[in-house]
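Heads up: the structure comes next, in structure tokens.
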Amino acid sequence: MLIALLSLACTEAPEALEPLPTLAVKVASAETREHQPVARIAGVVQPDRRAQMGTRQAGTVESVLVEAGDLVEADQPILRVDARDLEAARTAARLQRQAARAAWEQAVQNEGRFRRLYEQELVARIRMEEAAVKAEQARGLLEQAEAELAAAEINLDYATLRAPFTGVVSEILAETGSFVAPGPPLVIFEDRSRLEVDAGIDAASAMQIQVGQSLPMAFVGIEETIDGRVQAVLPALEGAGVGLRLRLTIEDPPSALKPGMVAEIAVPTMEPSRPRVSIPEAALVRRGQMEGVFVVEPDADGQLRARLRWLVLAAGPADARNWVEVERGLSGGERVVVGDAVDQLTDNQPVTVDTPVQD
């Protein structure tokens, strides 16, 4: 009986697999375009303007009014140094000017009185001239007192560091209570409304570049490609530098782009252009480090199916239309699935084509 049961079980047909449902998808045709080979060089982002601010007066830091990363307006106070001695010097200068002004006004009155007496022939001419000389001397002393007061006010003004332009506080090198001396920077201040990128470049690549030309750049952590305008090709003579240095300007940088980040710059080369297939980035299937697409093609019965095909993509970010270039695995004219259906499909699943995506 056991043998009979085993024989019966072996002869039963396996359950049929449930067929995959037919899914409506949108497709786009792979395009063949002329591709200009590029070389990729690394550059470093720098602020357009950078100020290292220090004080002309030695003293103790009284207060730090900002923090690193703060956005401040032009002329906004950033740091104050204890300036009680400077305030005392300004007070003394004001009193000295006040006394000098009173002496000058008295001397002018005396000169006028002696001039009237001389006109009435009541005093000798020498007395009038002496009064005029004293008035002139008093005026000189007043001007000297005013200059000393102005110098005291300027020195007092240097005790407060103010933002030279609207920008970002990059670094604070002094703490409240620390003693500072004239010269060394206390605050580093940057204007990040426009950024620059400096990169070393060889002479052959530099010959393919013109001032004002836009070059695409990619950054880690930033999805979109950012264009930089070529400002100049400069000699790299700083320190032990040799060769050439490419400088680009980013006029309206995104907030995520910061000084110190590394840029990958696409620089044209002297190699001839060649055809390359491009597809929308929305068609890509990413699984780990592998990238592919679902290609729509008919089977032997004429049924359209989405077949998963792994690709080798060209290096570099997507272009302005969010299309990427394919090195191997796809031909121009083949149709690939795009949109939300990419994450829902299974290899060899039957599909129907919805409205094709237009370029």
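Both radii come from the Cα set of the range 37-136: Rg as radius of gyration, Rh as Kirkwood radius; their ratio Rg/Rh reads 1.47.
Tilt of helix 84-119 relative to the longest C-alpha principal axis of the chain, in degrees (0 to 90, nearest 10)? Compared with the principal axis, the helix lies near 40 degrees. Taking Lys and Arg as +1 and Asp and Glu as -1, the other residues whose beta-carbon sits under 13 Å from that of GLU121 total +3. A simple count of charges around LEU65, restricted to other residues whose Cβ falls under 12 Å of its Cβ and scoring Lys, Arg +1 and Asp, Glu -1, yields -1. Rolling a 1.4 Å probe over the protein chains gives ASP340 an accessible area of about 130 Å². Paramagnetic label reach from VAL211 (point 7 Å along Cα→Cβ; backbone nitrogen cut-off under 20 Å): within the range 188-202, residues 195-202. You can think of it this way: the chain between MET270 and LEU95 has 55.5 nm of extra reach, that is 0.36 nm per residue less the Cα-Cα gap. Counting charges near LEU246 (Lys, Arg +1; Asp, Glu -1) among other residues having Cβ under 12 Å from its Cβ returns a value of 0. Against the set (i) 15; (ii) 58; (iii) 20, the structure's computed percent of Cα pairs over 37 Å apart falls on (ii). For ARG321 and ALA88, the difference between the fully extended length at 0.36 nm per residue and the C-alpha to C-alpha distance is 77.2 nm. Rounded to the nearest whole Hz, the Karplus-based 3J(HN,Hα) values (6.51 cos²θ - 1.76 cosθ + 1.60, θ = phi - 60°) of the range 268-274 follow the sequence x, 10, 8, 5, x, 6, 8, with x at glycine and proline. The angle separating the long axis of helix 2-11 from the principal Cα axis of greatest extent in the chain is about 70 degrees.
What FRET efficiency would be calculated for the residue pair GLN144, THR249, taking the C-beta separation as r and a Förster radius of 41 Å, to the nearest 0.05? The value I calculate is 0.25. The calculated FRET efficiency for the pair ALA232 and LEU117, based on their C-beta separation and a Förster distance of 56 Å, comes to about 0.15.
Across the range 202-219, computed HN-Hα scalar couplings (Karplus, 6.51 cos²θ - 1.76 cosθ + 1.60, θ = phi - 60°) run 7, 5, 5, 5, 5, 5, 8, 10, 10, 4, x, 6, 9, 10, x, 9, 10, 10 Hz from first to last residue, x flagging Gly and Pro.
Computed over the Cα atoms of the range 267-335, pair by distinct pair, the Kirkwood hydrodynamic radius stands at 13.5 angstrom. Dividing the summed helix terms, -39500 (n - 2.57) for each DSSP H run of n ≥ 4, by the number of residues in the chain produces a 222 nm estimate of -8000 deg cm²/dmol to the nearest 500.
Find the centroid of the Cα atoms in the range 59-95 and in the range 101-147, then give the distance between the two in whole Å. The range 59-95 and the range 101-147 have Cα centres separated by 42 Å. Amide hydrogen proximity for ALA83: with H placed 1.01 Å from N in the peptide plane, no residue at 5 or more positions away or on another chain lies under 5 Å.
The simple spin-label model puts a point 7 Å past each Cα toward its Cβ; for THR22 and ALA102 those points are separated by 10.8 nm.
Could you compute the FRET efficiency for ILE126 and ASP157, with r as their C-beta to C-beta distance and R0 at 51 Å, rounded to 0.05? The calculated FRET efficiency here is 0.60.
The values are calculated or read from the model by the stated rules, or taken from the named source; none is laboratory data. Not measured: the values here are computed from a predicted model. Using ideal geometry, Cβ is built from the backbone for each residue, glycine included, and neighbour counts are taken over all protein chains shown. Just so you know, the surface numbers come from the protein's heavy atoms only, side chains and all, with ligands and any DNA or RNA stripped out. Shrake-Rupley method; radii C 1.70, N 1.55, O 1.52, S 1.80 Å.
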